[in-house]
1. If the viscosity is 1.567 mPa s and the temperature 4 °C, what translational diffusion coefficient in µm²/s does Stokes-Einstein give for the range 44-123 when Rh comes from Kirkwood over Cα pairs?
2. Run lengths n ≥ 4 of DSSP H only: what is the helix-derived mean residue ellipticity at 222 nm for the chain, with -39500 (n - 2.57) per run over all residues, to the nearest 500?
3. Could you put E160, E26 in order of accessible surface area, largest first, with the 1.4 Å probe and the full protein assembly present?
4. From the phi of every residue in the range 26-32, what ³J(HN,Hα) in whole Hz does the Karplus formula 6.51 cos²θ - 1.76 cosθ + 1.60 yield, where θ is phi - 60° and glycine or proline is x?
5. Given the whole protein assembly as supplied and a 1.4 Å probe, what does the accessible area of L106 come to in Å², nearest 10?
6. With only Lys, Arg, Asp and Glu charged, each at its Cβ (+1 for the first two, -1 for the last two), find how big the charge dipole of the range 101-254 is about the Cα centre; round to the nearest 20 debye.
7. May I ask you to give the solvent-accessible area per residue for the chain, in square angstrom, as obtained with a 1.4 angstrom probe?
8. Quick one: Karplus J couplings for the range 93-100, per residue in order, coefficients 6.51, -1.76, 1.60, θ = phi - 60°, nearest Hz, x for Gly and Pro?
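The values are calculated or read from the model by the stated rules, or taken from the named source; none is laboratory data. Everything numeric here is computed off the predicted structure, so don't read it as measured data. Positions of Cβ are generated from backbone atoms using ideal geometry, with glycine treated the same way; all protein chains shown enter the neighbour counts. All accessible areas refer to the heavy atoms of the entire protein, side chains included, with ligands and DNA or RNA removed. Shrake-Rupley method; radii C 1.70, N 1.55, O 1.52, S 1.80 Å.
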Amino acid sequence: MVETEGDRRLDVPIAELGGKGVFAKEVQAAVLDGRADAAVHSAKDLPAVTLDGLALASVPERGEVRDALVGSTLAALPDGATVATGSQRRRVQLAEPRPDLRFAELRGNMRTRLAKAAEFDAIVVAAVAFQRLGLGDHLAEVLSPVDMVPQVGQGALAVECRAGDDATRARLAEIEHGPSRRRVDAERAFLAELGGDCDLPAGAHATIVERDEVRLVGMLASDDGTVHRSGIQGRDPRFLGASIAEILRRDAGL
């Protein structure tokens with residue numbers, strides 16, 4: 001087992017540690033130097049640009065993509081309630097309907113976060129994380145992906161191997177789920193075009209629609225906290241991701 005910097009340093013916001021890479025770089029190093037043949041990541045924690053020498057070999061079937069509240073529903077939160085989340089994406093979208101809310105930092109694994117929930121009026125989590133741990137009963141409200149656009153890759157796993165390891169890549173192809181891969185590719189292309197990381201107030205949600213096309217909705221907040229959303233549909237996931245990023249960057253004045 002490889003412990004990452006993001007796992008060790010729970011007292012520091014992820015953005016200050018360097019963003020998504022703090023959950024991936026030690027694991028990726030183990031693959032690159034031959035200590036491991038493959039690395040399994042939460043796709044949301046994987047940098048949007050694949051590291052030289054590695055290949056994103058497989059995306060298995062995706063789970064629940066939505067965010068959720070623990071401790072209270074959004075409507076039931078009292079005026080001035082404190083909601084714990086380290087995500088700027090979550091903060092700006094919650095503040096849109098509830099500008100009265102206050103926010104606090106939250107780090108740690110899901111059981112640690114659950115233990116801290118009583119210190120706040122509510123905490124925000126990825127619903128899938130609680131569901132996979134059998135903690136789904138603690139979710140007070142699963143939020144609509146229209147109002148709370150999820151983090152890029154949320155609910156999906158991403159498996160990397162060495163770029164030249166054809167044998168491992170062929171084995172990993174057996175667990176590839178084509179529709180999930182297209183969705184994740186579109187979302188990652190969006191974030192890559194923004195040059196972004198998990199400290200950026202941005203999110204994307206791709207779905208498969210008629211004629212096997214991809215529908216991609218992206219969100220990006222401007223410096224004043226205004227949330228901008230836009231959608232696009234087509235067959236090329238990477239083109240869709242880059243296109244939405246350009247549209248939202250213009251709309252947000254960034």
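1. Details: Rh = 14.8 Å.
After rounding, the answer is 88 µm²/s.
2. Values: 9 runs with 77 residues, N = 254.
Dividing the helical sum by the residues of the chain leaves -8500 deg cm²/dmol.
3. E26, E160
4. Computed from phi, the couplings for the range 26-32 are 5, 5, 5, 4, 5, 6, 4 Hz.
5. About 10 Å², ignoring ligands and nucleic acids.
6. Working: 20 positive and 24 negative charges, 57 e Å.
Charge dipole, the range 101-254, about its Cα centre: 280 debye, nearest 20.
7. On the way: 11550 Å² over 254 residues.
Per-residue accessible area for the chain comes out at 45 Å².
8. 6, 6, 6, 4, x, 10, x, 7
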